[in-house]
Structure formats: structure tokens, C-alpha cells
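Chemist: Handing you this structure, nothing more for now.
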Amino acid sequence: MGRPRDEELNRKIVEAATDEFHAVGYGAMTLSSVASRANVSPQPVYTRFRDKPDLLKAIIKNILNDSAYALKGKTTDDPYNDLLDGIKKLQKLFQTPNALTIPALTLVHFDDNSDARKVIREEFNGKHPVRTLLFPLVVRCKDEGLIAKDVSVSFVVNMIVGFFFCAGLGVDPEDWESDIPKRILETLDIHPKK
């Protein structure tokens, strides 16, 4: 099925789909309800997306692309400050609209919507920019002896991401303190070289 290349309309529909997902959940979301939220006729939505799983893929890809752009970083000769900078970018990302969409997708109870779980697994598997940003930074810190040998890289990455996910559920991200990235590293016993 061919999909028209009007990028502005595509983005409008995907953003409306993301908003609709947040408002009513995957189960209640329909292609027609997305069209209504986007303030377009249903035809452009049905032309671009075969079904709800196809639309869910577009939501995930859109958020992953936005996340990848927000998390682009540079590396220096100081692995501690590179990791600190990466966590600061992650904090900024979690303070943006729809930042919790993908983590929320993994927690949602889909009833009999196994197609949604399959889409999430396929689209999310190893592609999330948070992992691609943090993993190499944490590995560098571990290689430089800034992280204890018995602490796994996955544990550190999951603790960092888990903090922001849990904090986002309990506290409005706009109210987060600016020194959170440094406090996370202190809590994980990661310090700059002396």
C-alpha cells in the first residue's frame, strides 16, 4: 500500500495518534479517533496506516527519532563528565511531552491486544536511543575504573533510566532539581577520577 509523502500531514497524524494514545489508551484508540483528533478526514489516516498496529509503529518510531535527536552527544577524554552530560540530556528528554510513552507502553495491560505487544517488542528491541547513548558511556566509565568491577553495565543503565521513569510518575518533571544527574552518579558510587 503506497503512502503519500506529505511529511507535515504525516507528522500531524502521528502526533495526534500519540495524544490519542495518552488520552484513551491503545485499546480505545481507533484510526477514526486519530483522524478526529488530527482534525483531518479519516481518508488520509487510512491511506497511510493499514491498521492500529501500523499506527502504533509510527508512534514508536516518531518518539524514538525525537529521542535520538535530543540525546545526540559528544565524547571527550573525560568519561565521568561524558556520562554526567548524557544523564543531563536524559533528564531534559524526560521533561518533554510524551517522554513516558514508550516506557508506559511496556507497562500497559492490553487485554487481548497481543498485536500491540508484538509491535512494541519488534519496534523497541535494542533501538531505544537511551540505551545507545548510555551504554557506551557507562562502559567507558567501567573500563576506566570509575564503576566497581562487580557492578554490571546493564544494572547502571537500568538504574539511571528507572530513576527518571519512576520520578516522572511521582513528581512533575518541571519540578525536578537540576543536580539530579550528579546525585544519581553519587548514589551509584560513580565519581570522577582523582
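The values are calculated or read from the model by the stated rules, or taken from the named source; none is laboratory data. Quantities reported herein were computed from a predicted structural model and do not represent experimental measurements. Because the Cβ atoms are built from the backbone with ideal geometry, glycine has one as well, and the counts that use them run over all protein chains shown. When the accessible area is computed, the model is the full protein with side chains, heavy atoms only, and any ligands, DNA or RNA have been set aside. Shrake-Rupley method; radii C 1.70, N 1.55, O 1.52, S 1.80 Å.
Chemist: For the stretch 131-153, name all the residues that are closer than 25 Å to GLN95 by Cα and either of a type in the set (Phe, Trp, Tyr) or open to solvent by less than 60 Å² (accessible area, probe 1.4 Å) (or both).
Modeler: Those that are closer than 25 Å to GLN95 by Cα and either of a type in the set (Phe, Trp, Tyr) or open to solvent by less than 60 Å² (accessible area, probe 1.4 Å) (or both): LEU133, LEU134, PHE135, LEU137, VAL138, VAL153.
Chemist: Please find, within the stretch 57-72, the residue that is modelled with the highest pLDDT out of those that are part of a helix (DSSP H, G or I) and under 12 Å from ARG131 (Cα atoms).
Modeler: To start, the set of residues in the stretch 57-72 that are part of a helix (DSSP H, G or I) comprises 57-70.
Subsequent filtering for residues that are under 12 Å from ARG131 (Cα atoms) retains 64, 67-68.
On the way: LEU64: 73, SER67: 70, ALA68: 68.
Ranking the qualifying residues of the stretch 57-72, first place goes to LEU64.
Chemist: Scan ILE180, ILE147, ILE120 and give me the residue that is touching a residue at least 40 places away in the same chain (Cβ under 8 Å) and within 21 Å of LYS61 (Cβ to Cβ).
Modeler: Selected residue: ILE120, the only one of ILE180, ILE147, ILE120 that is touching a residue at least 40 places away in the same chain (Cβ under 8 Å) and within 21 Å of LYS61 (Cβ to Cβ).
Chemist: Which one of VAL161, VAL156 is of a type outside the set (Gly, Ala, Ser) and surrounded by fewer than 20 Cβ atoms within 10 Å (Cβ to Cβ)?
Modeler: Matching residue, one of VAL161, VAL156: VAL161.
Quick grid of which residues meet (1) surrounded by 13 or more Cβ atoms within 10 Å (Cβ to Cβ); (2) farther than 29 Å from LEU169 by Cβ:
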site	(1), (2)
GLU8	no, yes
VAL14	yes, no
GLU20	yes, no
ALA23	no, no
SER32	no, yes
SER41	no, yes
LYS52	yes, no
LEU56	yes, no
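Chemist: Would you be able to tell me the number of residues in the stretch 16-33 that are over 13 Å from LYS52 (Cβ atoms) and modelled with pLDDT under 90?
Modeler: Count: 4.
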